[in-house]
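**Q** For reference, the structure I am asking about is given below.
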Amino acid sequence: MTQERGSRSSRTRDFLVAAVVALPVLALIVSLLVPWLVSNVLGGAGQLDAKLRQENAYMQAICGSMAIDRDEALCACVLATEVPSLDCSIPFMTWTLARQHERCGDDATRTRSVSFCVCVDTLWQQLMRARAANDERASRLAAIGYERCAELQDKLSLPTIESLSVP
């Protein structure tokens with residue numbers, strides 16, 4: 001019976017020693033980790049917000065000088081929604097893929113942005129096959145794939161509004 005009692009007090013003492021050692025270490029880790037997590041989450045949200053605002057302005061500018069044949073599918077969505085960068089992302093990526101495919105047709109542009117143009121051409125072919133097969137899912141996947149092309153180092157910026165304006 002005495003051994004059992006000594007064992008309980010030994011456990012209590014060991015627990016207290018472990019708590020005294022572990023709590024400051026845990027506090028240090030939390031004090032370093034929490035601010036880092038908060039800044040990354042808020043920083044990422046700020047960057048996303050800025051990107052979405054920029055896309056909204058770009059899409060609305062396109063639709064302000066719309067070429068019916070070229071921009072009708074995009075502008076039908078943009079003009080019908082309050083936040084086009086969220087609601088019209090697939091039509092915008094499809095439209096962007098088409099514009100970049102046109103730009104990659106220029107030999108000088110293709111030479112400057114080889115990997116980007118190959119990526120765009122591949123997605124364009126996938127999109128055309130999907131449209132020919134009337135496969136909406138494959139069309140969306142091809143359009144969404146443009147995001148991977150846009151991450152390449154030799155990517156082309158979006159065409160300027162002036163270059164897209166209808167004369």
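Here, each number is a calculation from the coordinates, and none is a lab measurement. This is a predicted model, so every value here is computed, not measured. Quick reminder, even Gly has a Cβ in these numbers, built from the backbone with ideal geometry, and neighbours come from all protein chains shown.
**Q** Each residue of segment 110-127 in order: what ³J(HN,Hα) in whole Hz does its phi give by Karplus 6.51 cos²θ - 1.76 cosθ + 1.60, θ = phi - 60°, with x for Gly and Pro?
**A** After applying 6.51 cos²θ - 1.76 cosθ + 1.60, I find 4, 5, 6, 10, 4, 5, 4, 5, 5, 4, 4, 4, 4, 5, 4, 5, 4, 5 Hz.
**Q** Helix 89-103 versus the longest principal axis of the chain: what is the Cα-based angle in degrees, 0 to 90, to the nearest 10?
**A** Result, in degrees: 50.
**Q** In sequence order, what are the phi-derived ³J(HN,Hα) couplings for segment 151-157 according to the Karplus relation 6.51 cos²θ - 1.76 cosθ + 1.60 with θ = phi - 60°, rounded to whole Hz, with x for glycine and proline?
**A** Taking θ as phi minus 60°, the curve returns 8, 5, 5, 9, 4, 8, 6 Hz for segment 151-157.
**Q** Still on this model: Distance from a point 7 Å along Cα→Cβ of R70 to each backbone N in segment 132-167: keep the residues under 17 Å and list them by number.
**A** 157-167
**Q** Using r as the Cβ-Cβ distance of F15 and R53, and R0 as 45 Å, what FRET efficiency do you calculate, to the nearest 0.05? Numbers along the way, then the final one.
**A** Values: r = 54 Å, r/R0 = 1.19.
Computed FRET efficiency for F15 and R53 comes out at 0.25.
**Q** Then there is this: Pick from V30, V78, V114: which residue has the top mean-square fluctuation in a GNM of the chain where Cα pairs under 10 Å get a spring?
**A** In this elastic network of the chain, the residue with the biggest mean-square fluctuation among V30, V78, V114 is V30.
**Q** Turning to a different aspect of this structure: Compute the distance in nm between two label points, each set 7 Å from the Cα along the Cα-to-Cβ direction, one at A61 and one at A108.
**A** 2.2
**Q** Amide H of L156: which non-local residues (sequence gap of 5 or more, or other chain) have their own amide H closer than 5 Å, using H built in the peptide plane?
**A** The list, which skips near neighbours in sequence, is empty: none.
**Q** How high is the relative contact order of the chain, in percent, counting Cα pairs under 8 Å that sit 6 or more residues apart? Could the numbers behind the result be given before it?
**A** Details: 114 pairs, mean separation 33.4, N = 167.
Rounded, it is 20 percent for the chain.
**Q** Still on this model: Over 20 Å apart: what share of the alpha carbon pairs of segment 55-148 falls there, rounded to a whole percent? Don't jump to the answer; show the numbers that get you there.
**A** Values: 1743 of 4371 pairs.
So the portion of pairs separated by more than 20 Å is 40 percent.
**Q** Suppose every K and R has +1 on its Cβ and every D and E has -1 on its Cβ; what is the size of the dipole of segment 2-164 about the Cα centre, in Debye to the nearest 20?
**A** Computed about the Cα centre, the dipole is about 940 debye.
**Q** Next question, about the same structure. If you average the alpha carbon positions of segment 109-167 and of segment 74-103, how far apart do those two centres end up, in angstrom?
**A** Using only Cα atoms, the two centres lie 12 Å from each other.
**Q** Computed from the coordinates I sent, volume of the Cα convex hull per residue in Å³ equals one of (i) 110; (ii) 128; (iii) 229. Tell me the label.
**A** (iii)
**Q** Kindly rank 53-64, 152-163 from highest to lowest mean number of other beta carbons found within 10 Å of each residue.
**A** On the way: 53-64: 16.6, 152-163: 12.4.
In descending order of packing, they fall as 53-64, 152-163.
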